[in-house]
1. Only one of these is at pLDDT below 95 and among the aromatic types (Phe, Trp, Tyr): Phe388, Phe365. Name it.
2. Tell me the strands (runs of 3 or more DSSP E) entirely within segment 396-515 that contain at least 1 residues that are under 26 Å from Val278 (Cβ atoms).
3. Quick one: is Gly173 closer than 17 Å to Ala61 by Cα and in contact with a helix residue (DSSP H, G or I) (Cβ under 8 Å, 6 or more places away or on another chain)?
4. Would you say Ile46 is in a helix (DSSP H, G or I), of a type in the set (Val, Ile, Thr) and either out of contact with any Pro (no Cβ under 9 Å at 6 or more places or on another chain) or surrounded by 15 or more Cβ atoms within 10 Å (Cβ to Cβ) (or both)?
5. Restricting attention to segment 634-648, which residues are in contact (Cβ under 8 Å) with a residue 12 or more places away in the chain and either part of a loop (DSSP other than H, G, I, E, B) or exposed (fewer than 10 other Cβ atoms within 10 Å of the Cβ) (or both)?
6. What about Arg607, is it modelled with pLDDT under 80, within 59 Å of the chain's Cα centre (by Cα) and either of a type in the set (S, T, N, Q) or assigned to a helix (DSSP H, G or I) (or both)?
7. In segment 40-65, which residues are in contact with a Leu (Cβ under 7 Å, 6 or more places away or on another chain) and within 21 Å of Ser102 (Cβ to Cβ)?
Amino acid sequence: MDEKIAVISGSSILTQKIYNEMKQRNLNIMIKEVDTLSVVSEAEEILLSGIKILISRGNTAAVLRKHFDVPVVDIKHTFFDCYHAYKRALTISDKIAFLATSKEYERMIEQSKAFLGEMEIFHINLLDGAAEADRQLEEMMRKGIEVAIGGLSLKEAVENLGIEYVMSEADTGSISDAVDEALHLLKMENEKEDRRLELENRYQTIKSIYNCVSDGIMSVGTDGKITNMNNRAIDIFKGDMIGKDIRKITKSDTFFDAISNNRSIFGEMIQYKNIDLVINAEPIQVDSVNQGAVLTLQKIEKIQEVEQKIRHNVLKKGHMTNMSFDDIIGVSDQIIKTKDLAMKFSQVDNNLLINGETGTGKELFAQSIHNYSKRKNAPFVAINCAAFPSSVLESELFGYVKGAFTGASDEGKLGMFELAHQGTIFLDEISETPLDVQLKLLRVIQEKKIIRIGDDKVIPIDVRIITASNKNLMKLIEEKLFREDFYYRICVLELNIPPLKHRRADIPHLIRYFIDNSKVPIEGITNKAVDILSKAEWPGNVRHLSNIIERLSVISDNKIITSSMLGQFTDIPIAPDKFDSHHKEPDNSENVSRDFVDFDEESLIMRALRKTKGNRKKTAKILGISTTTLWRKMKECKKIDSEFLNLVRLDNTWEK
C-alpha cells in the first residue's frame, strides 16, 4: 500500500532524515529530492506513475497544493525545529530573524518566542510574488539582521545579501507524524476507491439490467421532464428524450397523473405515433416526499411475440404431434380417397368437421392434416369436449385469471385457444359441447379473439379449428341439442372417415401393423384367424381391432394367434362355425411366416400377471376365465409365489 506514497524533499538533510525513517519502519516509499524550480515538472512525472499521496515541507508543499489535486501532507514545523535552528544561529550572531514562508510556520515561531531569545519574524511567501519578497528582505537588511533562519527556497536570496543562513531542519517526530498521516490518507483513498469501484460495479450492473429488459424504462421528475431512459425506451421513442416533457411527447397525462396523484398505474394503453404501448408507472418517494415516477413501456406487438414464444415452448412439452398420413394404414379405395381429400383440406385454413364412428381414427386424421399444413411447426392442441362439465370446459378452452373463481390457480391459466396460437386446435366430440359454450365458441370463430374468465382484456388468436363428432349433428340440431349457426361455422369443410366394416380390405394390413407394434412380441397369426377377423363386425372400428390383437398377443400360448382363440378370448360377434374348438386347423389355413414357440399354462398366467401388474381381476379378464379359476390355477403354479407377485406390482419392467 505504501508504494502509492512519495516524498518530495527540498534538501539533502531532509532527504537523509526521511530515508532513515523509511528504513527504520521498513516502508517502501519513493523519496525524490528536487530544487525549487523543478518541483512541478518532477511531481507531474511522479503522479503519472500512480502515486496518490505526496509528502513535502514548507513552501514546496504549498507549490504542490497549488498545482495538483492530490493530498499533500506537510512535514510540520515544530517547536524543536525552531529551538535547534535558533541555537545554531546564536553561534554566529544574536541578531537573528526567522523567515516564515507560511502562516503555520509563523504561528509556531510566535508560540516559541517565550522560550527563545530576541529575534525578528519576517513573513515571506514566494507565492505572493518576488516584489513582496524583495521588500521583506530589504526590511531585514535595514534592521541589521546578521543571521536568518528559514527553508531552502530563500537560502540563495538571503546569502546574496551577505547574511548568514541557517536551515530549519525537520524534527524526526514531525517526519514520522507526516508518514503516519500519509498512510492514513492512503488507506482512506483506497477505501474511497474501493467504494467508488463497488458503486461503479453496482451502477454498471443495474445499467446492464436496465438495458437488458425488454421493457422501455424511464424516470420522470415532478415537473414531468424525463430524467433517464434505457436503450429500449430510446428505441421506442426513436431518440433520446431526456429533459423533455413526457406529456408533450406522449400527448397523454397518464404518466403525469401517477406523479401528481402519487398512484401506481398498471396495464394502461396509449398510442405514440401509431405505436400501441402498454404502460406502467410507479411513484418515487423519499422520506414521504414525491420525487417523480419510474415508467415502463412495452409495444403490444412485442408482448404478443413473447407470449407466442412462451406458448410454443410450453407446447413443445405436450402439445406437439408426430403423426402423419403415413401412419394411416390401409389400401382400400375408401381410405385412399379419404386421405387424398384430407391432404387437400390440409392446404387451407378453413374450419373442418371430421365425422366418423368411435375408433375410426378421427384424431389421427386431424394430426396428419396439421402436420401436412403450413402450421406444422406450431402447436397441435387436442381437447375432448365430453370429458369436462360445462364450467370446467369453458375454463379449459379460454383460460382464466387469478381469483376468477373459487379454486382457481393463484397464477391463472392459459386456455387451449391461447396455447394453440398459430397452430391447430382439435375439439373432439364436439357434439357433447353445452349450448352456452357453443355460443362462446361461435363468437371466438367470428371475432378470432378470446377473453379469459374473470378478465376484461381481449386476446387475439390465430388458430385453425378442427372438430370431430361420432354423432349425427343435423339430428342433434333438430332435437335442439346443437346450435345450427355453430354447425355451419365449424363445418365449412367436412371429412367423413369410413368405418372398418366398409374397408375390410384394410383389416389384414392393420393386423400386421398391430402385431409388429405390439408391446408383447409374437411370431404371427394364422391365415384362418386373419380371414375370420376380416369378416367380423367391428363396432369399435380400428381401435377395437387394435385392442383385440393386443389381448390375443398376451394370451397366445405359442406366440401364434390362431382362430381357436378368437371365440374363447374375444367379444367380437363371429359365427360359432368359424372356430375350430380342437385347436387344429387345416394346413392350408394355418400358414405362418415364422416358427412358433410353445408356452405352458404357468408361463401364460405369469405373462398375463406381468401385463396387469398383478391385478387378478384384469388378468382373469385377459385370460377369459373367472377370478376363482385364476386363483386355483395360481395356487397350482410353483413359480407364482409372493415374491413374484411383489415384483410384478413394483417393477415397471415387468410390463415388457
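1. Numbers: Phe365 fails: at pLDDT below 95.
Just one listed residue meets the conditions, Phe388.
2. On the way: elements: 424-428, 449-451, 458-460, 464-469, 493-496.
Hits in segment 396-515: 449-451, 458-460.
3. Spelling it out, it is not the case that Gly173 is closer than 17 Å to Ala61 by Cα and in contact with a helix residue (DSSP H, G or I) (Cβ under 8 Å, 6 or more places away or on another chain).
4. Working: in a helix (DSSP H, G or I): yes; of a type in the set (Val, Ile, Thr): yes; either out of contact with any Pro (no Cβ under 9 Å at 6 or more places or on another chain) or surrounded by 15 or more Cβ atoms within 10 Å (Cβ to Cβ) (or both): yes.
When the stated conditions are applied, Ile46 passes them.
5. Those that are in contact (Cβ under 8 Å) with a residue 12 or more places away in the chain and either part of a loop (DSSP other than H, G, I, E, B) or exposed (fewer than 10 other Cβ atoms within 10 Å of the Cβ) (or both): Cys637, Lys638, Lys639, Ile640.
6. Against the criterion (modelled with pLDDT under 80, within 59 Å of the chain's Cα centre (by Cα) and either of a type in the set (S, T, N, Q) or assigned to a helix (DSSP H, G or I) (or both)), Arg607 qualifies.
7. Ala43, Ile53, Leu54, Ser56, Arg57, Asn59, Ala62, Leu64
Here is a yes/no grid of residues against (1) under 22 Å from Pro498 (Cβ atoms); (2) crowded, with 18+ Cβ neighbours inside 10 Å:
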{"residue": "Asn355", "(1), (2)": "yes, yes"}
{"residue": "Phe365", "(1), (2)": "yes, yes"}
{"residue": "Pro379", "(1), (2)": "no, yes"}
{"residue": "Cys385", "(1), (2)": "no, yes"}
{"residue": "Pro389", "(1), (2)": "no, no"}
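The values are calculated or read from the model by the stated rules, or taken from the named source; none is laboratory data. Because the structure is a prediction, the values reported are computed rather than measured. So basically every Cβ, Gly included, is an ideal-geometry build from the backbone, and we count neighbours across all protein chains shown.
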